[in-house]
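Participant: I am attaching a structure below and will ask some questions about it afterwards.
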């Protein structure tokens, strides 16, 4: 049932002052639209509303918002948070990729109360008197949560975990980038593609028509299909390792297997304490083995820094090789290349991390199942199908 079409805000200009004003207008407009949509809901939650029931009778009911199903980018706008923030808890950005403990739930009402008392406070302030507030709200945009004020609703609980965007189009996409980098490093990409293209048909399994590297865009159904065969194809591609590859290949397979096992259990329609403990074990194992893919989490800025370091090292050593007898230059060149790779890897490992929000959201799976039931019942896949019409 279509309740309303949200207004599309105009694009921001290059002027910082105009952008700031336009952002405030966009936020106020969006919040005004949702106040209209939620007006009847709030009134019914306090006073009750007559609702037609399935047996033909009319009863006074008290409707309460229980969840908002959307992908992460839509939640960023509606909850008024930044891209590296969790809608459910106050996890710091530098701990998104770790298996950390529980954090306090995000308290949007407290942020708004503080902002009303301190309207001139800049979120980038270094004033020690506001240190606690600044630490808690560095990922919160000021006064832009459209759900704040709903009756009998915990705003952080409105966010529902989603298999499509969190797993299939999120973690699976990132993991395949890491796997492709790992295969390229060990010259196993062709072996992966060869195994991929000869997969036999099986009930509920769609045989890939192209090699993995030939597909330019992946959809949720294709990524779900990928999860059914990825471990087997990867195991075939990593057969017969040499002595230096045994340990990396073993850790890579263990990391991929633990992530896939966790994903499969997360799709269960019902759970027991045993299945939840299995999820925790698989999550722990993944965090213990994920460092094998750390060097493939390199950003563009880090890649530029590594390239610049290589250039400087080569320039310096080229001048030194001219003073060495020709008979020794080849050995020195090989040693320099190894030392160069070691320094670049050390730089990449020191700067790379797994701190992105979809890596953190899986830590909420267990609590979500305890509070709301299974995860697939809140999937965005049904809404995505409506986009095609």
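The values are calculated or read from the model by the stated rules, or taken from the named source; none is laboratory data. Here the structure is a predicted model, which is why all the values come from computation and not from measurement. Cβ: placed from backbone, ideal geometry, glycine included. Neighbour counts: every protein chain shown.
Participant: Can you find a residue that is more than 19 Å from residue 354 (Cβ to Cβ), assigned by TED's automatic domain parsing to the domain that holds residue 205, outside any helix (DSSP H, G or I) and under 21 Å from the mean Cα position of the chain (by Cα) anywhere in segment 244-267? Working first, answer last.
Facilitator: Our first condition is that a residue be more than 19 Å from residue 354 (Cβ to Cβ); within segment 244-267, this holds for 244-247, 249-250, 264-265, 267.
Those still in the list that are assigned by TED's automatic domain parsing to the domain that holds residue 205 too: 244-247, 249-250, 264-265, 267.
Filter once more, so that each one left must be outside any helix (DSSP H, G or I): 244-245, 267.
Narrowing the set further to residues that are under 21 Å from the mean Cα position of the chain (by Cα) leaves 267.
The answer is yes, given that some residue of segment 244-267 is more than 19 Å from residue 354 (Cβ to Cβ), assigned by TED's automatic domain parsing to the domain that holds residue 205, outside any helix (DSSP H, G or I) and under 21 Å from the mean Cα position of the chain (by Cα).
Participant: Can you find a residue in segment 43-55 that is more than 25 Å from the chain's Cα centre (by Cα) and surrounded by 18 or more Cβ atoms within 10 Å (Cβ to Cβ)?
Facilitator: Keep residues of segment 43-55 that are more than 25 Å from the chain's Cα centre (by Cα), which gives 43-55.
Next, from what is left, pick out any that are surrounded by 18 or more Cβ atoms within 10 Å (Cβ to Cβ): 44-45.
Checking segment 43-55: at least one residue is more than 25 Å from the chain's Cα centre (by Cα) and surrounded by 18 or more Cβ atoms within 10 Å (Cβ to Cβ).
Participant: Would you pick out the residues in segment 68-85 that are surrounded by 13 or more Cβ atoms within 10 Å (Cβ to Cβ) and closer than 20 Å to residue 376 by Cα?
Facilitator: 68, 69, 70, 71, 72, 74, 75 - these are the residues of segment 68-85 that are surrounded by 13 or more Cβ atoms within 10 Å (Cβ to Cβ) and closer than 20 Å to residue 376 by Cα.
Participant: It is to be established whether one or more residues within segment 283-300 are more than 19 Å from residue 177 (Cα to Cα), at pLDDT 90 or above, surrounded by fewer than 18 Cβ atoms within 10 Å (Cβ to Cβ) and in contact with a helix residue (DSSP H, G or I) (Cβ under 7 Å, 6 or more places away or on another chain).
Facilitator: Yes: segment 283-300 contains one or more residues that are more than 19 Å from residue 177 (Cα to Cα), at pLDDT 90 or above, surrounded by fewer than 18 Cβ atoms within 10 Å (Cβ to Cβ) and in contact with a helix residue (DSSP H, G or I) (Cβ under 7 Å, 6 or more places away or on another chain).
Participant: Specify the residue that is modelled with the highest pLDDT; the eligible residues are those in segment 1-33 that are assigned to a helix (DSSP H, G or I) and under 27 Å from residue 382 (Cβ atoms). Spell out the reasoning first.
Facilitator: Step one: of segment 1-33, the residues assigned to a helix (DSSP H, G or I) are 16-33.
Restricting the remaining residues to those that are under 27 Å from residue 382 (Cβ atoms) gives 30-31, 33.
Details: 30: 85, 31: 85, 33: 88.
Filtering segment 1-33 for residues that are assigned to a helix (DSSP H, G or I) and under 27 Å from residue 382 (Cβ atoms), the one modelled with the highest pLDDT comes out as 33.
Conditions tested, residue by residue: (1) modelled with pLDDT of 85 or more; (2) assigned to a helix (DSSP H, G or I); (3) on the phi > 0 side of the Ramachandran plot.
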site: 167; (1), (2), (3): yes, yes, no
site: 178; (1), (2), (3): yes, yes, no
site: 183; (1), (2), (3): yes, yes, no
site: 192; (1), (2), (3): yes, yes, no
site: 200; (1), (2), (3): yes, no, no
site: 208; (1), (2), (3): no, no, no
site: 216; (1), (2), (3): no, no, no
site: 221; (1), (2), (3): no, yes, no
